[in-house]
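The values are calculated or read from the model by the stated rules, or taken from the named source; none is laboratory data. Since the model is a prediction, treat every value here as computed from it, not as a measurement. Don't worry about glycine lacking a Cβ; one is built from the backbone with ideal geometry, like all the others, and counts go over all protein chains shown. Keep in mind that these areas ignore ligands, DNA and RNA; they rest on the heavy atoms of the full protein, side chains included. Shrake-Rupley method; radii C 1.70, N 1.55, O 1.52, S 1.80 Å.
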2 protein chains.
Amino acid sequence: MSEKTVPVLIAGKWRESKSVGTFQADNPSLGQPLPDKYPVSSREEMQEAVEAASEAATALRTTSGEKIAEFLEAFAAGIEQRSHELVEMAHAETGLAKAPRLKDVELPRTTGQLRQAATAARQGTWRRPIRDEAAKLYSFFAPIGPVVVMGPNNFPYAFNSAAGGDFAAAIAAHNPVIAKANTAHPGTTKLLAEIAHEAVTKVGLHPATVQLLYRVPSEVGFALVSHPLVGATGFTGSKNAGLKLKEAAERAGKPIYLEMSSVNPVIVMESALRERGDAIAGEFFASCTLGAGQFCTSPGFVIVPDTEAGRKFVETARKQFEGGTPGVLLGKSGREALTDAVAILQKNGAKAICGGKAMPGPAYRFENTLLQVSGDDFLKHPHELQTEAFGPVSLLVMSRNTAQTVAILEHLEGNLTGTVYSDTTGKDDAEYNVIEPHLRYKVGRLLNDKMPTGVAVSPAMNHGGPYPATGHPGFTAVGIPTSIHRFVALHSYDNVRPERLPEMLRG
Amino acid sequence: MSEKTVPVLIAGKWRESKSVGTFQADNPSLGQPLPDKYPVSSREEMQEAVEAASEAATALRTTSGEKIAEFLEAFAAGIEQRSHELVEMAHAETGLAKAPRLKDVELPRTTGQLRQAATAARQGTWRRPIRDEAAKLYSFFAPIGPVVVMGPNNFPYAFNSAAGGDFAAAIAAHNPVIAKANTAHPGTTKLLAEIAHEAVTKVGLHPATVQLLYRVPSEVGFALVSHPLVGATGFTGSKNAGLKLKEAAERAGKPIYLEMSSVNPVIVMESALRERGDAIAGEFFASCTLGAGQFCTSPGFVIVPDTEAGRKFVETARKQFEGGTPGVLLGKSGREALTDAVAILQKNGAKAICGGKAMPGPAYRFENTLLQVSGDDFLKHPHELQTEAFGPVSLLVMSRNTAQTVAILEHLEGNLTGTVYSDTTGKDDAEYNVIEPHLRYKVGRLLNDKMPTGVAVSPAMNHGGPYPATGHPGFTAVGIPTSIHRFVALHSYDNVRPERLPEMLRG
């Protein structure tokens, strides 16, 4: 067993990898490696996967939406059948609580997404057919080709490369997926790919519809996302890795959808604090420490009035952050990145009012941390002070007045979300109306009176936003059928004989 | 007059440019420069334009769709009022025929596009509102921000930076436009920008809604498309320039939509030739020499069976190409590029069966040219033999059989269009069914029995296609409202109080 690696899934077969290295995942609760050795795939193995995916793409073009739907539903059912195994594995690999988080929240969300994608595939609404009989012109969306999915570390199911939102959206549009596991949870990804592959076989889709690699050297990753046979890539992860993949893919003319980083500004207005400051502090604490703060939409940047009510809010929040037990982080590298990010914030004028350090002990933990900076000081280093600290950390920016709040907002980079807490009776509506336009165009999703960590799978959701939160402000990674439109090509038929048109475009 | 340059339009004022150089357009029919001197704008001038556009963008966000529509309609009416002047100027700058081409075809098409865009702006259908009452989530598309438009040389009105399809689509989504004129027709662009600006003033839009620069040094162009205050860019032109702009824009996370190059493969099947070979040769000749072959969708690559019927088709086409009088090209650089492209094709095995050379005389002309290569030889240099020759030039690839045709198609790069001519009674449907899937995914628009040069402005049109024809296969540059979706950002509202929602999203 010692030298054997966990098999990869290529061209419909689980087989030993022609690996160029191995790695092990950690159990972050114990700070120790888990036993299984996973292969790092070679360029040749990547090439094999892409060629098989290309064949699958050709087959899936003529596969019915009904059959795609059957696959997605069989996959969801398979996940439910093996939920115990999935929960044990994901807990070991991520340290996330078995319940409610993994079992009762994320797993049902994941199967729900797959079933919504099934409905979209069955109904074909994502194709948006247009018929112009007078001009004999017809158009609809068609699959874009093999989709590479690289998922993040923080959602082992819902954003998993082999089961999550990008996977579901890519498959719904009849594209095969090459899943590149997140190396923090390869075992969970393996289980999901197993279940997916069983469903592929059961339903009779092309055997290379779902393939799995665990890790590739970075140059092989660049070759993968820019491969001539690849249609597009969905990536969720760090800005550093994302920007390199973006450059490689775009140089080759390949669409790549990235969700990279976001500090998710929250503005708490004076009158809201006077009305319900303690309650808001509680919501803030709960949201910022949920999942040890490792959410893409964690409130990492809060604009607080530098007033008595504001300072009281800060003090209430500080007590809660100090009193809470920090959750286990997803991995050692995350803890290191947090230490680095907090150091950058401090170097640029932010002061820790609680926490600020990695915690001792075998488990990977970081203190619940609040940093504070004045609006004046923020405006001296606005870029550095938007460094994302991916964990239970938030920066409180103390604003002198509405004008300064607007100035702060004007310096904000693109974010996934932006939130405003205001008085429930509307007495600060005039101030809201001043602030809102400056926030609205910086974010994908605007919230009122509610922390941003809940991301409903709704057709009206936007889990996206202006660069550098994502690579394109017009697309969302969550929400069906909207998220499917990342993985399509527009096809027009001009004067094509009626009997040769795809069925959906016929009269 | 000698030293004064034609004024630029910045921040609502026509003013002398702070230029870093000057240029003149040519009259291609005479091979001589036209008198007016146009400025090359400096980085500072570009910066001024972008800052003014950013202010206009803010204003346009709250401008009603009705008002945007009124502007587009007033602009269209203004174009019609000054059509005589526009036709004279465009003819002088492009050599295109005054009638029917400029006056009766392109000008009405341009005003028609503006009026369709007006309807889309008025109705707001491009916003695609989605309401999820249960989740209190609402979404729609919003303007992306200032749009830079860089138009091509071949359509002085319909793709003009200050009046064409990209302009109309950007404005319809409430975005200001910074037009960078094509340097082959700066006078036409000036006239159009004048008419546009009059309409801006009349309707009372923000004065920087339309701005005009004629030319910028290339590093200023890169700075423009990657400017933090710019929303997106629409570019139509050469692959060489397009790829450089693409890299600059994408590195800064700015969407750029490019239409770059396309040889527009046409497959004429044996049975179609037996049935109506002479007629098809006539259609081919007419389409390939229309506008001196300077259409993005000109049939530059024809797969012909290497049979008696195929050789007869070639001979018929050759006679027509030889007998036709070559049109005037749009410019001297275009003639040079044609000479270079034909040399590349010849160097890689194609043989000229007629034409092949630039023509003597003051007017810029190139001989009507047919090149020929065997399927076997094509497959030796498939990349080089897809070099676009932008003019009355086409490459005939003689295919041995259906299998070879498929092999040729498999080597094709992305194209705007792909066309199949087959027997009208359907007796070669089996062969069509073999060929079609290999062509379909290489092109944006698939045609039957019709040359690709007609591009109807229809919601079902796709004037786009896989890279390198464009930068993204999911978008079209022609067709309303579809083309508008290039210039939008997705906005979601989560738990936002009903009275604070945009009107369109309220219950």
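Key figures for this structure:
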{"item": "Subset of segment B:337-358 [among the charged types (D, E, K, R) and free of Cβ contacts under 8 Å to residues at least 12 places away in the same chain]", "result": "B:D340"}
{"item": "Total residues in segment A:456-466, condition farther than 25 Å from B:G471 by Cα and open to solvent by 20 Å² or more (accessible area, probe 1.4 Å)", "result": "3"}
{"item": "Selection status of B:E93, charged (D, E, K, R), under 24 Å from the mean Cα position of the chain (by Cα) and in a helix (DSSP H, G or I)", "result": "yes"}
{"item": "Answer from B:E44, B:E51 - the residue that is open to solvent by 50 Å² or more (accessible area, probe 1.4 Å), at pLDDT 95 or above and within 14 Å of chain A (Cβ to nearest Cβ)", "result": "B:E51"}
{"item": "All positions within segment B:235-270 that are among the polar types (S, T, N, Q) and away from chain A (no Cβ under 14 Å)", "result": "B:T236, B:S238, B:N240"}
{"item": "Residues of segment B:467-487 classified as more than 7 Å from chain A (Cβ to nearest Cβ), open to solvent by 10 Å² or more (accessible area, probe 1.4 Å) and without any contact (Cβ under 8 Å) to a residue 60 or more places away in the chain, total", "result": "1"}
{"item": "Close pairs from segment B:40-66: first among the hydroxyl-bearing types (S, T, Y), partner open to solvent by 40 Å² or more (accessible area, probe 1.4 Å) and not in a helix (DSSP H, G or I), Cβ under 6 Å, at least 6 apart", "result": "B:S42/B:K18; B:S42/B:V20; B:S54/B:L229"}
{"item": "Identity of the residue in segment A:283-321, touching an Asp or Glu at 6+ places or on another chain (Cβ under 9 Å) and without any contact (Cβ under 8 Å) to a residue 60 or more places away in the chain, that ends up nearest to A:V443 (Cα to Cα)", "result": "A:F313"}
{"item": "Identity of the residue in segment A:405-431, over 32 Å from the mean Cα position of the chain (by Cα) and part of a helix (DSSP H, G or I), that ends up nearest to the other protein chains (Cβ to nearest Cβ)", "result": "A:D429"}
{"item": "Any hit, segment B:7-18, residues being open to solvent by 40 Å² or more (accessible area, probe 1.4 Å), farther than 21 Å from B:L102 by Cβ, in contact with a helix residue (DSSP H, G or I) (Cβ under 8 Å, 6 or more places away or on another chain) and modelled with pLDDT under 95", "result": "yes"}
{"item": "Count of segment B:330-352 residues which are among the hydrophobic types (A, V, I, L, M, F, W, C) and either open to solvent by 30 Å² or more (accessible area, probe 1.4 Å) or touching a Lys or Arg at 6+ places or on another chain (Cβ under 9 Å) (or both)", "result": "5"}
{"item": "Pick from segment A:455-466, criterion touching a Ser or Thr at 6+ places or on another chain (Cβ under 8 Å) and more than 7 Å from chain B (Cβ to nearest Cβ), ranking: farthest from A:G231 (Cα to Cα)", "result": "A:V455"}
{"item": "Residue match in segment A:442-449 (condition: more than 8 Å from chain B (Cβ to nearest Cβ) and either over 14 Å from the mean Cα position of the chain (by Cα) or under 17 Å from A:F301 (Cα atoms) (or both))", "result": "yes"}
{"item": "The one condition in (1) over 22 Å from A:A117 (Cα atoms); (2) at the interface with chain B (Cβ under 7 Å from one of its Cβ atoms); (3) surrounded by 23 or more Cβ atoms within 10 Å (Cβ to Cβ) that A:L490 fails to fulfil", "result": "(1)"}
{"item": "All strands (runs of 3 or more DSSP E) inside segment A:121-174 with 2 or more residues being open to solvent by less than 10 Å² (accessible area, probe 1.4 Å)", "result": "A:137-143, A:147-150"}
{"item": "Residue in segment B:437-449 that is in a loop (DSSP other than H, G, I, E, B), over 23 Å from B:Q116 (Cα atoms), modelled with pLDDT under 95 and open to solvent by 20 Å² or more (accessible area, probe 1.4 Å) present", "result": "no"}
{"item": "Residues (surrounded by fewer than 19 Cβ atoms within 10 Å (Cβ to Cβ) and among the charged types (D, E, K, R)) located in segment B:307-329", "result": "B:E308, B:R311, B:K312, B:E315, B:K319, B:E322"}
{"item": "Members of segment A:83-115 found to be of a type in the set (K, R) and more than 27 Å from A:Y364 (Cβ to Cβ), listed by number", "result": "A:R115"}
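The rows are residues; the columns are (1) free of Cβ contacts under 8 Å to residues at least 40 places away in the same chain; (2) touching a Pro at 6+ places or on another chain (Cβ under 8 Å); (3) part of a helix (DSSP H, G or I).
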position	(1), (2), (3)
A:F222	yes, no, yes
A:T233	no, yes, no
A:A241	yes, no, yes
A:A249	yes, yes, yes
